[in-house]
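The structure under discussion appears below in the form of structure tokens.
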Amino acid sequence: MNFRGRFFCKLDAKGRLSLPSAYGFKKNLKQTLVITNARSANQKFLDVYPLKEWEKLEKKILKMPSLNKNVQAFQRFYVSSGQVVESDSQGRLLVPLSLRDYSQLDAESEVVIVGMGHKLEIWNSKEWDKLFSKIEASYEEVVEFISNKEEGNK
């Protein structure tokens, strides 16, 4: 399952997110999901994984040295915040209050759902706009890096 695209929508008053039907989001997310907190460029957002993808991540982490401070930090911040949720019959996803608070998603706030292949990201639209502007400003460098990787250069 690959998630792609970028969609703007709103949380309802109860903190539910109506998943877009485009690209099969509703169909693909009628399963158990895990939502957790995340950060990029000092901005907070949420990651959403199908349970099978989350379990792959957990197995990968469990193979790492458990006494390593970076592994512990990752487990404490990212893994411990993972909360299991299910979409309802109308394709809505209830974002847990603690994760809404973390990612600055208020009831009825505008959010951006970003397809990232094996997972989704949920962003406060203002935070997304800031990050997107940063990415846009250095996009030529990013394309060059990807192009070099694509050609087999390391």
If you go through the range 50-95 one residue at a time, how many are surrounded by 15 or more Cβ atoms within 10 Å (Cβ to Cβ), outside any helix (DSSP H, G or I) and hydrophobic (A, V, I, L, M, F, W, C)? 4
I'd like to check something: does the range 78-87 contain any residue that is over 23 Å from residue 6 (Cβ atoms), in contact with a Phe, Trp or Tyr (Cβ under 7 Å, 6 or more places away or on another chain) and either charged (D, E, K, R) or at pLDDT 95 or above (or both)? yes
Considering each residue of the range 87-108, count those that are of a type in the set (D, E, K, R) and over 19 Å from residue 123 (Cα atoms), and give that number. 1
State which residue pairs qualify: first residue more than 17 Å from residue 112 (Cα to Cα) and touching a residue at least 24 places away in the same chain (Cβ under 8 Å) and inside the range 80-100, second residue part of a strand (DSSP E or B) and aromatic (Phe, Trp, Tyr) in any location, beta carbons under 9 Å apart, and separation of 6 or more residues or different chains. 82/49
Give me a count of the residues in the range 97-109 that are buried (at least 17 other Cβ atoms within 10 Å of the Cβ) and either of a type outside the set (A, V, I, L, M) or assigned to a loop (DSSP other than H, G, I, E, B) (or both). 4
Taking residue 112, is it among the hydrophobic types (A, V, I, L, M, F, W, C) and without any contact (Cβ under 8 Å) to a residue 40 or more places away in the chain? no
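The values are calculated or read from the model by the stated rules, or taken from the named source; none is laboratory data. Only a predicted model underlies this, so the values are computations on that prediction, with no experimental measurement involved. In this analysis, Cβ positions are derived from the backbone assuming ideal geometry, glycine residues included, and neighbour counts consider all displayed protein chains.
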